[in-house]
Amino acid sequence: PAVPQQLFKQPLLYAHGSAPPAAIYVTSGTTTGRPGRQHLLGTDIYRAVSVEGARRAGLFAHGVELHFLTPSPGEASYSSLSAMFGFWQKAFRKIFPRPRFWVRQGHFEFARLRETLTAQIKARRPVAICGTAFSFVHLMDAWADLPPLRLPRGSWLLETGGFKGRSREISKAELYAQLARTFTVRDDAIWNEYGMTELSSQAYARGRNGLHHTPPWARVLVCDPATGREVRVGQRGLARWIDLANTDSVLALQTLDLAERAPHGFRLIGRL
């Protein structure tokens, strides 16, 4: 109900028209060897559901300052993740006073980020740091010889996965343990966002063993790869997305992500 209904009607205006895509997002291509593409006739629905989905998950709070370990949407117009972070920035300007993107012209500004975080810690201002799992590993490697930071109460981290095709990968347990040590935060202050370029909606989980939940307009079924049918609660299978917000593309998407079905939600295990 919080999503204006007119947003869902907009793509119908282009159904039989010849208007070019308003946005084209490109995947990494590490699974198939060639990048996939998501063509959107308009970005209003993607903006609305990515903002509302994160709000319903409980991410946003007053006074938290956002830091993004990605390029800005202006520098990476092909990135659906940068686009989503940009939507958050614009939608919650009053909540997030000064959001910052810390990858500029292909350079990760490690030193400036640490200086900024140190100043915010001294001022006791809570912060939120968002990026891919690999960007956090890259960041922690750069700060390996520096003392841990102690983020103020109310701070949180959000990692979006993203090890595919990388030269280095660590387990989720190790990643969360390193994040907790580096930023002196509790496990439940670390979030995972599970989404993909080919979809418009996202699922969120809190903590290393937290369950993922989708917003009401999306669903993830855990299916047996042999039969294609949904498994029973407690069993494992492949995650199958149904995304009603993905109006300019496919309704359902079968992944190779291994998950465990729970009574309410699912637990993401990793790639098959």
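The values are calculated or read from the model by the stated rules, or taken from the named source; none is laboratory data. It should be emphasised that the depicted structure is a prediction, and the values quoted were computed from it without experimental measurement. Note: ideal-geometry Cβ built from the backbone for every residue, glycine included; neighbour counts use all protein chains shown. When the accessible area is computed, the model is the full protein with side chains, heavy atoms only, and any ligands, DNA or RNA have been set aside. Shrake-Rupley method; radii C 1.70, N 1.55, O 1.52, S 1.80 Å.
Quick notes
- Extension gain for Arg153 to Glu230 (0.36 nm times residue separation, less C-alpha to C-alpha distance): 23.7 nm.
- Computed [θ] at 222 nm, helices only, for the chain once each DSSP H run of length n ≥ 4 contributes -39500 (n - 2.57): -7000 deg cm²/dmol
- Two-decimal log10 I(q)/I(0) for the chain, as the Debye equation yields it once each C-alpha is a single scatterer, q = 0.07, 0.11, 0.16 Å⁻¹: -0.25, -0.64, -1.37
- Percent accessible area from carbon and sulfur atoms, the range 78-206, protein chains only, probe 1.4 Å: 49 percent
- For Ile242, the solvent-accessible surface with a 1.4 Å probe is about 50 Å², rounded to the nearest 10.
- Here the range 226-272 exposes an accessible surface that is 54 percent carbon and sulfur, computed with a 1.4 Å probe and the other protein chains kept in place.
- Heavy atoms of the protein chains alone define the surface here; on that basis the chain has 52 Å² accessible area per residue at 1.4 Å probe size.
- These residues, Thr214, Thr227, go from largest to smallest accessible area, 1.4 Å probe, as Thr227, Thr214.
- In this rough spin-label picture, where each label sits 7 Å from Cα along the Cβ direction, the Arg93-Gln254 distance is 4.6 nm.
- Once both labels are positioned 7 Å from their Cα atoms along Cα-to-Cβ, the gap between Glu109 and Ile170 label points is 2.5 nm.
- Put a dot 7 Å past the Cα of Arg271, heading toward its Cβ, do the same for Ala142, and the two dots end up 2.5 nm apart.
- Radius of gyration, Dmax [the range 69-195; alpha carbons; angstrom]: 14.1, 39
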